[in-house]
Amino acid sequence: MNITDDIHQQFAEYFEEKAIWPYAYMLSQKLTEGNICIPVDEVKANLGLSPYDSVMPTSDLAKYKNLVTLHTAGAAPFVLHNDRLYFQRYFKYETSIIEKLESLIANEANVVADRIRQLETQSDLIKTLTTNYDINGLTVKEQVDWQLVAVLQALLNNFTIITGGPGTGKTTTLAKLLIVLYALEPDAKVALAAPTGKASMRMFESLKSSTLPFSEQTKTKIDNLKPSTIHSLLGYKKESVNFKYNAENPLPYNWVVVDEASMIDVPMFSKLLAALGDKCRIILLGDKDQLASVEAGSLLGDLCQTLPRLNMFSSKSAQWINQFITEPARKIQDEFIGAHQQLLSSHIIELKYSHRFNSQGAIGKVSKAVIEGKVEEVKYHIENAQVSNVIVDQTYDSALLENFVTGYAAFMNESDIKLALKKLNELRVLVAVRQGPRGLYATNKTIELHLRKIGLIKPDGEFYENRPIMVTRNLYDLGLLNGDTGIMRKDASGNLKVWFEDGQGGIKSVLPAYLNYAETAFAMTIHKSQGSEFDKVMVILPEGTSNALLTRELLYTGITRAKTSITIQGKMETIEHAVNSCVKRISGITGRIDQK
C-alpha cells in the first residue's frame, strides 16, 4: 500500500484487487460530499481527479463477487444496481426506505374508504378551516387552498409530505390537521420531532401560539405534546448508531410529524421509518428547495422529484376535496387535474402562497428567481426593487454592517432575559463559510470590535455579558441541543451564566464552563440558520467564485430566513455564480421509485 495522506486512497487500496481501486476511491470521496452512490460510467470520466490512470470496464465489476454484489444478501462491501455503485450499508438504507413507503401506501387501500366516510362526518368543522387571505392579483396556483387540500390528503394517507417555502403555512396546516384529527380520534398519540431541538421547539411554539379556533380539549392535547429531536424520539444511545425504538420495538405513537425534513439524512430516515408501528402514520414538513442534510443524501428533494409535477389529482379526488372548499376560486382548478400513477402520487402537497412574502413582494420575487436559477431575473429584481427591503451591497461597506449590528442593542438593553432572548432573534448576520475574511470567525470578531467601540459590550475575555452563544453539539446532560442559542448574563448573585429558553415558556441557565461545544453567535452560518427565522437578515458572501458551497440552495436559504428585510453583501459575479450552481447529490431513490 502506498503511503499517502489521501484517506480515500487509503480506503481504496485496503482491497487487494487493484481493479476496484478507482471505483472505491470515487465512491468514498463522493460519500463525504453527501452522495449515496455513484454512476459507474462517471468513474472513467473523472479519472483525472483520482490518483489512478486507468479503470477496468464497468461491465467487469460484477466479476468480483467477493467485493461487488447485485443484491444485498451477500457480505460484499459494494452493491451494483441500476448502473450505480453503492456501499452495501447505504444501499440497504435506501432499499428499506423504498420498501417501507411501498408498505405504508399499499396498506391505505384497506382503510381509505372508512377514512373518507369519517372525514365527511366532520364536513362542517373542516369548512371552518378554509384559509383566508386576499387572492386578488395572485396566480391561480396561489389562490387554491392548498393548506386544506394538504390536511385532507394527510388524513387519508399513511405517508404524506407537505412542502412549501417560508411563510406558506406548513405549521398552520399541521394545526388544522390536529383540529380535525382530535375530533376524529380524541385519543390519538402524536409525536412531534425535527432534526434539531431548535426546529422541534419552533414547531411546537408555533402550534401553541396559533390563533385557530381550537376547542379546549384540542388545545390541551396540543399543549401536552412533547417535541423532540429525531434522535431523542428514537431513543438515543450514547456512542451507538442504534436506537431504543426500531422494527422489533416500534414507537408508541399513531402519528409521527417531522418538521424541517430537508435536513434529514438517508440513514436517519431509514431508522425512523423502521421504527413506525403497523398502524402508525407519518407526515414530513419541509421546504424541498432548502439546503439538504449535512450528512449523506438529499432525501426530501429526492422524494419530491419522483413526481413530474406536484399537486396533481384525479378528477374524482379533486371533486371530493372541493366539496370541503366553499369559495370557488380556492378549489382545485382544472389545470391540476391529471394524476400521475407513481408511488407518491397524491402523497406530496406543495403549499404555494406565502403569507410572509408572496410572488408580488421583493423578497418573494428574488428568492423564487434564485431557486429557479434565473440569473437575469435576480439581477433585474435586485436592480429594480421597488421597496427598500432588498439591498445588495457589492462594496462590502463596513458602515452598512456596523449600522445593521447596532440593532443588537435592543436585546442588550433589555433587562428581562426572556424578552432579551426574543429580541436577539429580531436580526441576524448570516455567512456562507467559516474561514476567510468574510467567514464566520472574522465576521464575529468584526462585530465584537464594533459593539465594543460603541460601548454595548466589554469583551475582556472569553466570557462576557451579552455575548450570544450557539451550542454546536447535542449536550443531552445539560438539556441542550445543537443549534440552541442563549445569552450570557449575570444572575441575581452576580454569577455569569448562559441563559436559554427552556421550551416551556420559561428560561434556564448553564455555567459557561460547561459549554465546551459552543461559539459566538452575532453571526452564524446559513447552514446553522435552517429552521430559524428573523425579522431582518444580512447575508455576507465570500468574494470570488471558487467556493463549492456557493449554490442557489445556500443563497435561497439565507434570503428566506428574513421576514421583513434582507441585505446581501457580495459582488454580483459571486451572486451570479451561486444562482448558476446547484447542489447535486447522487442517490438512487428517485429512479428506483420511478420504476415502481
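Key figures for this structure:
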| read-out | value |
| --- | --- |
| Among Gly591, Asn547, Gly506 the positive-end extreme of the charge dipole of region 447-596 (Cβ point charges) | Gly591 |
| Candidates per GluC sites (Glu not before Pro) in region 239-278, loop by DSSP, up to 15 other Cβ within 10 Å | Glu239, Glu248 |
| Share, in percent, of DSSP beta bridges within the chain that are antiparallel, nearest 5 | 35 percent |
| Bins of 10 Å from zero: percent of alpha-carbon pairs in region 321-384 | 17, 32, 31, 19, 2 |
| Lysines whose Cα lies under 17 Å from that of Lys237, excluding same-chain neighbours fewer than 8 positions away | Lys271 |
| For Ala518, residues with placed amide H under 5 Å, excluding near neighbours | Thr472 |
| Inter-part distance where region 38-89 and region 295-339 are each reduced to a Cα centre, Å | 38 Å |
| For region 441-596, convex hull of alpha carbons as volume per residue, Å³ | 192 Å³ |
| For the chain, calculated [θ]222 nm from helices alone, where every DSSP H run of n ≥ 4 adds -39500 (n - 2.57) | -10000 deg cm²/dmol |
| Computed over the chain: relative contact order in percent, which uses C-alpha pairs under 8 Å that are six or more apart | 14 percent |
| 11 Å cut-off, amide nitrogen to a point 7 angstrom out along Asn107 Cα→Cβ, residues in region 123-164 | 158-159 |
| At most 11 other Cβ within 10 Å, DSSP loop - trypsin sites (Lys or Arg not before Pro), region 164-200 | none |
| Region 16-86: GluC sites (Glu not before Pro) in DSSP loop, at most 13 other beta carbons within 10 Å | Glu16, Glu17, Glu33 |
| Helical segments meeting 18 Å axial Cα length and Kyte-Doolittle -0.5 threshold in the chain (DSSP H) | 88-106, 170-184 |
| Cα centroid separation - region 462-493 against region 106-166, whole Å | 40 Å |
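Where a number appears in this text, it was derived from the coordinates with a stated rule and is not lab data. Everything numeric here is computed off the predicted structure, so don't read it as measured data. Quick reminder, even Gly has a Cβ in these numbers, built from the backbone with ideal geometry, and neighbours come from all protein chains shown.
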